[in-house]
Amino acid sequence: MKEKGRKVIATNRKARHNYTILDTVEAGIALVGTEVKSLREGKASLVDAFATVDDGEVWLRGLHIPEYGHGSWTNHAPRRTRKLLLHRREIDSLVGKTREGNQTLVPLSMYFSDGKVKVELALAKGKQDYDKRQDIARRTAEREVTREIGRRVKGMSR
């Protein structure tokens with residue numbers, strides 16, 4: 001069977017800045033028809049989204065999927081709580097990890113995989129301000145090093 005590529009719908013760009021990613025897991029998501037049609041148009045926002053575990057089920061909250069433009073009275077609520085589809089052992093593992101420390105479940109991206117909508121869910125720990133500053137300083141230093149190497153290769157060193 002030929003594997004189809006991923007078609008990314010939405011990404012949470014702030015997640016990697018605000019959190020340290022410890023582990024990731026792929027989850028399916030239970031949607032209604034007009035939500036899927038709206039996602040096929042590439043409309044979704046993961047900005048305020050997070051996941052919770054309630055009564056042994058994982059729920060995605062704060063995900064914004066706008067109403068489908070050609071929908072009728074059957075349209076969905078844009079910010080409704082949606083159920084994530086995971087195996088029982090994955091849910092139990094996530095419950096154990098979130099309870100042992102102050103870790104949270106953050107969606108990193110949403111994409112189509114073989115025609116089904118999937119969410120990349122991360123087990124993450126919040127960063128402090130000084131951690132964010134250190135990351136920015138490290139990226140800036142790496143960027144300067146690669147620039148200098150490029151200059152020397154071209155013979156344009158200062």
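The values are calculated or read from the model by the stated rules, or taken from the named source; none is laboratory data. Since the structure is predicted, the reported quantities are computational estimates derived from the model, not experimental observations. Ideal geometry is used to build each Cβ from the backbone, glycine not excepted, and the neighbour counts take in all protein chains shown. Accessible surface areas use protein heavy atoms only, side chains included; no ligands, DNA or RNA. Shrake-Rupley method; radii C 1.70, N 1.55, O 1.52, S 1.80 Å.
Before moving on, here are some points about what is shown:
- Scope the range 50-65; condition at pLDDT 85 or above and open to solvent by less than 50 Å² (accessible area, probe 1.4 Å); matching residues: A51, T52, V53, V58, L60, G62, L63
- For the range 79-90, the criterion of being among the acidic types (D, E) and surrounded by 14 or more Cβ atoms within 10 Å (Cβ to Cβ) is met by at least one residue.
- For T52: the one exception among (1) within 15 Å of V117 (Cβ to Cβ); (2) in contact with a strand residue (DSSP E or B) (Cβ under 6 Å, 6 or more places away or on another chain): (1)
- Once the range 33-84 is narrowed to residues that are farther than 19 Å from K7 by Cα and among the polar types (S, T, N, Q), the residue that is nearest to the chain's Cα centre (by Cα) is T52.
- Qualifying residue in the range 73-89 (condition: modelled with pLDDT under 85 and on the phi > 0 side of the Ramachandran plot): no
- Residues being touching a Phe, Trp or Tyr at 6+ places or on another chain (Cβ under 6 Å), touching a residue at least 60 places away in the same chain (Cβ under 8 Å) and charged (D, E, K, R) - total across the range 1-52: 2
- Checked against the criteria, T98 counts as out of contact with any Pro (no Cβ under 7 Å at 6 or more places or on another chain), modelled with pLDDT under 85 and not charged (D, E, K, R).
- Under the condition of being over 19 Å from the mean Cα position of the chain (by Cα) and either open to solvent by less than 50 Å² (accessible area, probe 1.4 Å) or closer than 17 Å to W59 by Cβ (or both), the residues counted in the range 94-130 number 3.
- Meets criteria (touching a Gly at 6+ places or on another chain (Cβ under 6 Å) and of a type outside the set (A, V, I, L, M)) for D48: yes
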